[in-house]
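Presented below is the structure to which this report refers.
The values are calculated or read from the model by the stated rules, or taken from the named source; none is laboratory data. Predicted model, so just to flag it, every value in this text is computed and none were measured. Cβ sites come from the backbone with ideal geometry, for glycine too, and all protein chains shown count toward neighbours.
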Amino acid sequence: MTTSLMLVVAVGACIGFLGGLLGKGGSALATPVLVAMGVPPIVALAAPLPATVPGTLVAADRYRREGLIDRNVLIWSLLAGIPATILGAIATRWIDANWLVTVTDVVIVGLGLRLLLVRSTDADPDHQASRERIIAVAVVTGLAAGLLANSGGFLLAPLFVAVLGLGIKPAFGTSLATASVMAVPGTLVHLMLGHLDMAVVLAFAAGSVPLSGLGARVALNTDAARLERGYGLILVILGSAFLYTAFR
């Protein structure tokens, strides 16, 4: 058991670094990795969620210091996204965990392809996204976050760029700030449903929290578009491998 938990710490460290690096909580990627390690699917879905909260807060604070969080997008994303997250989390009572893991794998591949194929550009710093678009993105992301037991960062950052027109780094910073709060209601629901294994949660957090801040620091000093391409390739490879394993 000790060896298994040490592996969870190592996975948490990797996911924490990547989450801070690319503005994502990282729980979507953590789920299939934990399942591959033998963690029960519903635990693998739920455990990374509370563990991402402190890590995303640490990473988001680094972007806040640089003025790279869009407060208008943050506020409306939370107002619309939190109720949607709760609904999605409650709905997991009637949806098979193995099916949710497969959905997570598909989402990872889709996100990776999006990062690889869609060129990101720096947006006008004075650009204001419409409230309707912010709410639409938040509702879709919230439902997905609740169903897949993650903080939504895997969808928030690319949707903030593609739909709202934010620049890459503001999208990362705002995604981290939003995801850190959106993870809380989902965590509470999964706690009530008995889906959390606290040993796995604490082990994952022990690895992810210190590395999240480092990932954010690297991103703030590196060409974010180039980092997106590399991460997109990794997501496609990993997601495809997990799907192959699930269906072989």
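Structural remarks
- Tally of residues being small (Gly, Ala, Ser), closer than 17 Å to Leu21 by Cβ and surrounded by 14 or more Cβ atoms within 10 Å (Cβ to Cβ) across the range 230-248: 1
- Just one of the listed residues (Thr178, Thr245, Thr222) is in contact with a Ser or Thr (Cβ under 6 Å, 6 or more places away or on another chain), under 26 Å from Val109 (Cβ atoms) and of a type in the set (Val, Ile, Thr), namely Thr178.
- In this structure, Asp70 does satisfy being modelled with pLDDT of 80 or more and either under 14 Å from the mean Cα position of the chain (by Cα) or among the charged types (D, E, K, R) (or both).
- Residue that is more than 10 Å from the chain's Cα centre (by Cα) and in contact (Cβ under 8 Å) with a residue 24 or more places away in the chain, where the choices are Gly19, Gly38: Gly38
- Pairs, first within 18 Å of Ala205 (Cβ to Cβ) in the range 56-67, second polar (S, T, N, Q) and assigned to a helix (DSSP H, G or I), C-beta under 8 Å, six or more apart: Thr56/Ser180; Thr56/Ser212; Leu57/Ser180; Val58/Ser212; Ala59/Ser212; Ala60/Ser180
- Scanning the range 1-44 for residues that are out of contact with any Phe, Trp or Tyr (no Cβ under 7 Å at 6 or more places or on another chain) and at pLDDT below 75 yields Met1, Thr2, Thr3, Gly25, Gly26, Ser27, Leu29.
- Listed by position, the helices (runs of 4 or more DSSP H) enclosed by the range 134-248 that each have at least 2 residues that are of a type in the set (S, T, N, Q) and in contact with a Gly (Cβ under 8 Å, 6 or more places away or on another chain) are 168-192, 198-220.
- Only one of Ala123, Ala129, Ala183 that is farther than 24 Å from Val35 by Cα, modelled with pLDDT of 75 or more and either surrounded by 23 or more Cβ atoms within 10 Å (Cβ to Cβ) or not β-branched (Val, Ile, Thr) (or both): Ala129
- Among (1) in a loop (DSSP other than H, G, I, E, B); (2) out of contact with any helix residue (DSSP H, G or I) (no Cβ under 7 Å at 6 or more places or on another chain); (3) at negative phi - the single one Gly38 does not satisfy: (3)
- Residue match in the range 215-229 (condition: among the small types (Gly, Ala, Ser), within 21 Å of Ala46 (Cβ to Cβ) and surrounded by fewer than 24 Cβ atoms within 10 Å (Cβ to Cβ)): no
- Every residue from the range 68-85 that is assigned to a helix (DSSP H, G or I), of a type in the set (A, V, I, L, M, F, W, C) and in contact (Cβ under 8 Å) with a residue 60 or more places away in the chain: Val73, Leu74, Trp76, Leu78, Ala80, Ile82, Ala84
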